[in-house]
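Asker: I'd like to ask you about the structure that follows.
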Amino acid sequence: MFEILFLGTSASAPSAKRGLSAQIVKHDEYRFLIDCGEGTQRQILQSGTGFKNLTRILLTHGHLDHILGLGGLMSTFLRWEAVDRLDIFGGRSTLDRVHDLIYGVVLRGNQPPMPLRMNEIKPGTFFESDDFTVTAFSVSHRGPDCLGYAFEVKARRPFLPNKADELGVPFGPERRDLVAGKEIMLPDGKRVKPDDVLGPVQKGVKLVVVGDAGKTEDLLEVCKDADALVIESTYLDEEAEMARQFSHLTARQGAELAAKAGVKKLILTHISRRYREKDVLKEAQAIFPNTAVARDFDSFEIKREE
């Protein structure tokens, strides 16, 4: 299971009720901050989630409304050492801009208060734990190196306790070894293979997060069968030409992508101040009913639907 907490959901500039782009994706003890718009550190504090384990920042692109919060965050860390390390991931041009912001404006010759690494990434899997991966993929927007991120729990074969009971497998390391794919021998000499107690392969939960985007055709494959898709909705269809001009999406386009890709749930964010939330929701739900429009501090649990 993944949980996504929205810290900022406004497009381009903050509104009275919406901050700039930032989300936290959680899985067990892992936490990833995706983008860091102006005011993100205050949103983190106001949400009550705090800075613990928030050591990985994934950037979708280098536009200021997605990175300016890094300056304030680093300034605070200079005075209050909240994390023991910080890894920032993004494309080359994005990291160049972040480097100028942090080292040229905030630090100005000083050293960061923690080990700080700028990690250039390209499309492909760049993070892997025992049970899930994070993969970057290309997104078409204004400028180079724009990325989205797919979080996916690894496929697994579920342990069948009833089968293990029938075969006399005791509780303890024997069951752990079988789950790990190892054959075991029982005290009476009988051998038990993993196939004897493991069910068919089950696909893991999949969450896809897209930042700003100008088209959806190139996102279809990566979004296929996702349990949840988070994507921008800066415009309504009535201003589709303006969306195309500024390389953004309409609510209709996001919904059409979700429908074509077989997504289970669609969550729209990056909402322009010119629209009412209910109008954004209405346009999307006419095409894809299981749509939500995220508000600041909304949290969603992403689980595998059978």
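Asker: Restricting to region 242-282, name every residue that is more than 19 Å from the chain's Cα centre (by Cα), of a type outside the set (A, V, I, L, M, F, W, C), surrounded by fewer than 19 Cβ atoms within 10 Å (Cβ to Cβ) and more than 20 Å from D298 (Cα to Cα).
Answerer: Residues satisfying the conditions are R244, Q245, S247, E256, K260, R274.
Asker: Moving on to the next point. Can you name every residue in region 144-174 that is in contact with a strand residue (DSSP E or B) (Cβ under 7 Å, 6 or more places away or on another chain) and basic (K, R)?
Answerer: K154, R156, R157
Asker: Which of the residues that make up region 202-219 are closer than 16 Å to A258 by Cβ and part of a loop (DSSP other than H, G, I, E, B)?
Answerer: Within region 202-219, V210, A213, K215, T216 qualify.
Asker: Going residue by residue through region 239-253, is there one that turns out to be aliphatic (A, V, I, L, M), touching a residue at least 40 places away in the same chain (Cβ under 8 Å) and either at positive phi or in contact with a Gly (Cβ under 8 Å, 6 or more places away or on another chain) (or both)?
Answerer: No, because not a single residue in region 239-253 is aliphatic (A, V, I, L, M), touching a residue at least 40 places away in the same chain (Cβ under 8 Å) and either at positive phi or in contact with a Gly (Cβ under 8 Å, 6 or more places away or on another chain) (or both).
Asker: Among (1) outside the structural domain of R252 (by TED's automatic domain parsing); (2) closer than 30 Å to L147 by Cα; (3) not small (G, A, S), which single condition is V222 missing?
Answerer: Result: V222 passes all but (1).
Asker: Of all the residues that make up region 20-37, how many are buried (at least 23 other Cβ atoms within 10 Å of the Cβ) and farther than 15 Å from I4 by Cβ?
Answerer: 3
Asker: Is there a residue being under 28 Å from V153 (Cα atoms), at pLDDT below 95 and of a type outside the set (G, A, S) anywhere in region 2-15?
Answerer: The answer is no, given that none of the residues of region 2-15 is under 28 Å from V153 (Cα atoms), at pLDDT below 95 and of a type outside the set (G, A, S).
Asker: Among the residues that make up region 220-232, is at least one of them touching a residue at least 60 places away in the same chain (Cβ under 8 Å) and assigned to a helix (DSSP H, G or I)?
Answerer: Checking region 220-232: at least one residue is touching a residue at least 60 places away in the same chain (Cβ under 8 Å) and assigned to a helix (DSSP H, G or I).
Asker: Name the residue, out of R97, R117, that is in the same structural domain as S10 (by TED's automatic domain parsing) and either polar (S, T, N, Q) or in contact with an Asp or Glu (Cβ under 7 Å, 6 or more places away or on another chain) (or both). Steps first, answer last, please.
Answerer: Numbers: R97 fails: either polar (S, T, N, Q) or in contact with an Asp or Glu (Cβ under 7 Å, 6 or more places away or on another chain) (or both).
That would be R117, the only listed residue that is in the same structural domain as S10 (by TED's automatic domain parsing) and either polar (S, T, N, Q) or in contact with an Asp or Glu (Cβ under 7 Å, 6 or more places away or on another chain) (or both).
Asker: Of all the residues that make up region 126-145, how many are within 25 Å of G214 (Cβ to Cβ) and assigned to a strand (DSSP E or B)?
Answerer: Here the count works out to 6.
Asker: Is it true that L167 is aliphatic (A, V, I, L, M) and farther than 26 Å from V134 by Cβ?
Answerer: yes
Asker: Still on this model: Kindly indicate which of T269, T234, T291 is touching a His at 6+ places or on another chain (Cβ under 6 Å) and at pLDDT 95 or above.
Answerer: T234
Asker: Based on what the data block shows, is K206 closer than 30 Å to A180 by Cα and surrounded by 15 or more Cβ atoms within 10 Å (Cβ to Cβ)?
Answerer: On the way: closer than 30 Å to A180 by Cα: yes; surrounded by 15 or more Cβ atoms within 10 Å (Cβ to Cβ): yes.
Yes; evaluated as a whole, the condition is true for this residue.
Asker: Given the options R304, R273, R295, name the one that is closer than 26 Å to T125 by Cα and not in a helix (DSSP H, G or I).
Answerer: Only one candidate passes the filter, namely R304.
Asker: May I ask you to list the residues in region 75-115 that are aromatic (F, W, Y) and surrounded by 15 or more Cβ atoms within 10 Å (Cβ to Cβ)?
Answerer: F77, F89, Y103
Asker: For region 279-291, enumerate the residues that are more than 20 Å from S12 (Cα to Cα) and outside any loop (DSSP other than H, G, I, E, B).
Answerer: Within region 279-291, K282, E283, A284, Q285, T291 meet the criteria.
Asker: Sticking with this structure for a sec: Go through F32, F51 for me and flag whichever is among the aromatic types (F, W, Y) and either within 29 Å of R276 (Cβ to Cβ) or modelled with pLDDT under 95 (or both).
Answerer: Among F32, F51, only F51 is among the aromatic types (F, W, Y) and either within 29 Å of R276 (Cβ to Cβ) or modelled with pLDDT under 95 (or both).
Asker: Taking region 146-161, which residues are modelled with pLDDT under 95 and either part of a helix (DSSP H, G or I) or more than 23 Å from G204 (Cβ to Cβ) (or both)?
Answerer: The one that is modelled with pLDDT under 95 and either part of a helix (DSSP H, G or I) or more than 23 Å from G204 (Cβ to Cβ) (or both): P161.
Asker: Would you tally the residues in region 240-260 being part of a helix (DSSP H, G or I), within 21 Å of A294 (Cα to Cα) and not hydrophobic (A, V, I, L, M, F, W, C)?
Answerer: The total comes to 4.
Asker: Given the conditions (1) at pLDDT below 95; (2) touching a strand residue (DSSP E or B) at 6+ places or on another chain (Cβ under 6 Å); (3) farther than 23 Å from F137 by Cα, which single one is not true for G19?
Answerer: Unmet for G19, out of (1) at pLDDT below 95; (2) touching a strand residue (DSSP E or B) at 6+ places or on another chain (Cβ under 6 Å); (3) farther than 23 Å from F137 by Cα: (1).
The values are calculated or read from the model by the stated rules, or taken from the named source; none is laboratory data. All figures in this text were calculated on a predicted structure; none of them were measured in a lab. All Cβ positions, glycine included, derive from the backbone under ideal geometry; neighbour counts span all protein chains shown.
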